[in-house]
Structure formats: C-alpha cells, structure tokens
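**Q** This is the structure I want to talk about, given as structure tokens.
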Amino acid sequence: MTRPRQAAPLTPIQAQLMACRDPAYRAFHCKLIPTVDPETVLGVRTPQIRALAKGLAGTPAGEEFLQTLPHRYYEENNLHGALIAQSKSYPWVVEQLDRFLPYVDNWATCDLISPRIFRKHLPELEGEIPRWLADPHLYTARFGMGMLLSFYLDEAFRPAHLDWVAGVRLEEYYGKMMAAWYFATALAKQYAAALPYLQEHRLDPWTHNKAIQKALESARVSPEHKAFLRTLRLPRSAR
C-alpha cells in the first residue's frame, strides 16, 4: 500500500506567515491574482509582510531566506520582495533583483517591489531599466516599466522613456496593462510629450484605448485634456 506523501515541515518563517493568516482576506485576494495557484496563498496582508521584513532585515535568518529560491508560498515571494526593497545598498538591491525577478509569477508581487534607495541612484538605475524591459520574462519587463512609472515621470523624466515603454511588445495582459498605466500616468504628468503616442497610434490598439480609459478615470488629468482624449479612442473593430 502506497502511503500519501507528507508535506514538507514548515520553516520558521513559513510558520510566522501561517500565524498571520486571514481566511476572509485570502478568499478576497485570490480573486485579484488569478495566475497564482490558490493552494500557495495563505492570506497575509501587506502591512504584516512589511513588518516581518523589517524584523528579518540584516539577520542571519533573513539572509538565509533570501538565498532560498524558489519559495513555496505566494507570501514568501512578497516577503522576499519586501526584504530587497528595504535595503540601503543600491548595488546589493540590483544584484538581488536579478536573482529574484525570474521567480516572480504575478503582478502583485512584482508591483510590491519599489526600493526607496532607487531615488538616490536615478542615473545608475536608468542604465539598468532597458535590460529589464528587454527581458522575455513577463514580470521582469513589467518591473522595468514600473520603475519608469515610479521614478521617471517627474524631474528625472526624459522623452526617450516613452519610446522605451512603447517598444515593449508583450502579448500578455499583465504586460500590456502596465504599459497602459504608464502612459495614463504620463498623460497626467507629461501630457505634451505623451500625447503624440496616441495621436500617431504608436501603441497597440488595446494599450492605446486602455491608457485613455485610465487617464479619463484619473483626477490628475484636466477636463480639457480628457475631452480631447475621448476623441482619440479607437473603435472596437481596431482593437
């Protein structure tokens, strides 16, 4: 008689995450991350993840955890990203991202990673972003677009960044959605530079219309600009 295989025992960090489970939140959150196996989701809220990361940062347990890939649970990946984001060492963050991003398999984990140290190293970071954008892995490319959205639409903006995002050709929904969010935010912050990409149809039809939709929903886009953007929507047959 074959005995059922027993699950591997929990690590101390997995046990800590288990202790924070919220079944109602798990049921709600699973609907937001349909690409993630529900069996890997515990239901731990982001503030608890960040609090755990703060306690683990710089400890032997935290260092050992960062060396252990792939992880078993969705929240372990979120914790991994939160630990990277807390570091004050720019070179270390980039090194760790290059190790971790290939294992990211959903938009939520991807978008959680926004290292504060990047704001002090924008010239160096700008040099890393093109290779992330060119990566065939969906969530590495999405991460690159997210960094442009987070750090380069204000004082550090350059019109070339719009070309970078427009040049990313991803067929997957979560890649195209990030491109749309980027252009919608660019329309709010750098309207004159971003507008020609819609007027000249430089984006694929789906991203074009989704960027307009998100811009119309934004309180940061003026009524006058919204009125003009409505005239640029493509008909359904063109999508």
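**Q** Restricting to the stretch 114-151, count the residues that are outside any helix (DSSP H, G or I) and open to solvent by 10 Å² or more (accessible area, probe 1.4 Å).
**A** Going through the stretch 114-151 one residue at a time, the tally reaches 6.
**Q** So, Trp206, is that one of a type in the set (Phe, Trp, Tyr), open to solvent by 40 Å² or more (accessible area, probe 1.4 Å) and closer than 26 Å to Gly81 by Cα or not?
**A** no
**Q** Something else now. Quick check on Arg3: is it open to solvent by 80 Å² or more (accessible area, probe 1.4 Å), at pLDDT 95 or above, not in a helix (DSSP H, G or I) and not β-branched (Val, Ile, Thr)?
**A** Here the answer is no, as Arg3 does not meet what is asked.
**Q** Something else now. Assuming Arg45 fulfils every condition listed in (1) touching a Cys at 6+ places or on another chain (Cβ under 8 Å); (2) open to solvent by less than 30 Å² (accessible area, probe 1.4 Å) apart from one, which condition is it?
**A** (2)
**Q** Okay, next question. Go over the candidates Asp154, Asp163 one by one and state the one that is open to solvent by 60 Å² or more (accessible area, probe 1.4 Å) and part of a helix (DSSP H, G or I).
**A** Asp163
**Q** What about Leu10, is it farther than 23 Å from Glu172 by Cα, in contact with a Lys or Arg (Cβ under 8 Å, 6 or more places away or on another chain) and not in a helix (DSSP H, G or I)?
**A** no
**Q** May I pose another question? Kindly establish whether Ala15 is more than 20 Å from the chain's Cα centre (by Cα) and more than 20 Å from Thr109 (Cβ to Cβ).
**A** Judged against the criteria, Ala15 is a match.
**Q** On the given criteria, is Gln190 open to solvent by 30 Å² or more (accessible area, probe 1.4 Å), touching a Pro at 6+ places or on another chain (Cβ under 9 Å) and modelled with pLDDT of 95 or more?
**A** The answer is yes for Gln190.
**Q** Checking the condition open to solvent by 60 Å² or more (accessible area, probe 1.4 Å), out of contact with any His (no Cβ under 7 Å at 6 or more places or on another chain) and hydrophobic (A, V, I, L, M, F, W, C), which residue from Ala108, Ala19, Ala85 passes?
**A** After ruling out the rest, the residue left standing is Ala19.
**Q** Something else now. Can you tell me which residue is farthest from Trp132 (Cα to Cα) among those in the stretch 166-180 that are open to solvent by 40 Å² or more (accessible area, probe 1.4 Å) and modelled with pLDDT under 95?
**A** The selected residue is Glu171.
**Q** Hey, another quick one. Looking at the stretch 193-203, which of its residues are open to solvent by less than 70 Å² (accessible area, probe 1.4 Å) and either aliphatic (A, V, I, L, M) or in contact (Cβ under 8 Å) with a residue 24 or more places away in the chain (or both)?
**A** Ala193, Ala194, Leu195, Tyr197, Leu198, Leu203
**Q** A further question on this structure: Considering only helices (runs of 4 or more DSSP H) fully contained in the stretch 22-104, which possess at least 2 residues that are β-branched (Val, Ile, Thr) and under 29 Å from Ile129 (Cα atoms)?
**A** 46-56, 90-100
**Q** Ok, one more. Just to be sure I understand, how many residues within the stretch 22-42 are open to solvent by 60 Å² or more (accessible area, probe 1.4 Å), under 20 Å from Ala8 (Cβ atoms) and not charged (D, E, K, R)?
**A** 1
**Q** Follow-up question, since we're still on this one. From Phe183, Phe228, which residue is of a type outside the set (Gly, Ala, Ser), modelled with pLDDT of 95 or more, out of contact with any His (no Cβ under 6 Å at 6 or more places or on another chain) and surrounded by fewer than 20 Cβ atoms within 10 Å (Cβ to Cβ)?
**A** Only one candidate qualifies: Phe228.
The values are calculated or read from the model by the stated rules, or taken from the named source; none is laboratory data. Just so it is clear, the model here is predicted, and its values are computed rather than measured. Virtual Cβ from ideal backbone geometry, glycine too; neighbours counted across all protein chains shown. Side chains included, ligands, DNA and RNA excluded: accessible areas come from the protein's heavy atoms. Shrake-Rupley method; radii C 1.70, N 1.55, O 1.52, S 1.80 Å.
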